[in-house]
Amino acid sequence: MTTVLLVDDEKLIQRSLEKTLLRAGFDVLTASDCKSGSEVFSKNAGEVNIAVLDLNMPGFDGMPKTGAGFDLLDDLKKKKADLPVVILTAYDEVSRAKDAASHGASAFFVKGREQGLVELIQKILNEK
């Protein structure tokens, strides 16, 4: 079974993505900010195959932060260097996509096309 760590502070988006991933046959662990995402990952590191992180959410201090997803990505990569990570954002910004790659993300995905996310996750995991 493939386990996805999904971290997004927007409850409706998190629930929608979680349902989509569950329907696609993934196990899903959810968190809503950097701190809880890091904690959930630490408890389940052996099971998590891929992480899907919102770009803008509360950071480790609990305050909303632009680019907080990169902080969490860095944290997760310290714990599991080969973990594939997809950065989610509401905005299709090419410069952000380049930032995601430079932080070690496997891919960058714009919210709103859930089925595309499932295909992207399957593609990344098949390449591993």
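Distance from a point 7 Å along Cα→Cβ of Leu12 to each backbone N in region 103-120: keep the residues under 16 Å and list them by number. Once the point is set 7 Å along Cα→Cβ of Leu12, 111-114 turn out to lie under 16 Å by backbone N, inside region 103-120.
GNM remark for the chain: springs join alpha carbons under 10 Å apart, and the peak mean-square fluctuation among Ser95, Ser36, Ser16 falls on Ser95. Restricting to the chain, compute how many DSSP beta bridges are antiparallel as a %, nearest 5. Once the DSSP bridges in the chain are tallied, antiparallel ones form about 10 percent. Taken as Cα centroids, region 13-39 and region 72-128 sit 14 Å apart, rounded to the nearest whole angstrom.
Other residues lying with their Cβ under 13 Å from the Cβ of Met1 contribute a combined charge of -2, Lys and Arg counting +1, Asp and Glu -1.
Net charge in the neighbourhood of Lys11 (other residues with Cβ under 14 Å of its Cβ; Lys, Arg +1, Asp, Glu -1) is -3. For the chain, a Gaussian network of Cα nodes joined below 10 Å ranks Phe60, Phe70, Phe108 by mean-square fluctuation, and the top entry is Phe60. With Cβ to Cβ distances under 12 Å as the rule, what net charge do the other residues near Ser42 carry (K, R +1; D, E -1)? With Lys, Arg at +1 and Asp, Glu at -1, the net is +2.
Charging the Cβ of each Asp and Glu at -1 and of each Lys and Arg at +1, and nothing else, the dipole of the chain about its Cα centre rounds to 200 debye. Between the listed residues His103, Gly67, Thr2, the Cα displaced farthest toward the positive end of the dipole of the chain, a dipole computed from Cβ unit charges relative to the Cα centre, is found at Thr2. Give the shape of region 1-47 as rounded, prolate or oblate, defined through the alpha-carbon gyration tensor: a ≥ b ≥ c are the square roots of its eigenvalues, a/c under 1.5 means rounded, and otherwise the shape is prolate if a/b is larger than b/c and oblate if not. Oblate, since a/c reaches 1.5 and b/c is not below a/b. Rounded, prolate or oblate for region 23-79? Axes are the square roots of the Cα gyration tensor eigenvalues, ordered a ≥ b ≥ c, and the cut-off for rounded is a/c under 1.5. Here region 23-79 falls in the prolate category. I need the shape label for region 3-127. Rule: rounded when a/c is under 1.5, else prolate if a/b > b/c, else oblate, with a, b, c from the alpha carbon gyration tensor. Rounded, since a/c falls under 1.5.
Taking the chain as a Gaussian network of alpha-carbon nodes connected by springs under 10 Å, the highest mean-square fluctuation of the residues Lys35, Lys43, Lys79 belongs to Lys43. Remark on Asn56: its backbone amide H falls under 5 Å from those of Gly67, Gly69, a criterion applied only to residues 5 or more positions apart or on other chains, H modelled at 1.01 Å from N.
Each value in this text was obtained by applying a stated rule to the coordinates, not by laboratory testing. The structure presented is a predicted model; accordingly, all values stated were derived computationally and were not measured. For neighbour counting, all protein chains shown are included, and Cβ atoms are generated from backbone atoms with ideal geometry for every residue, glycine included.
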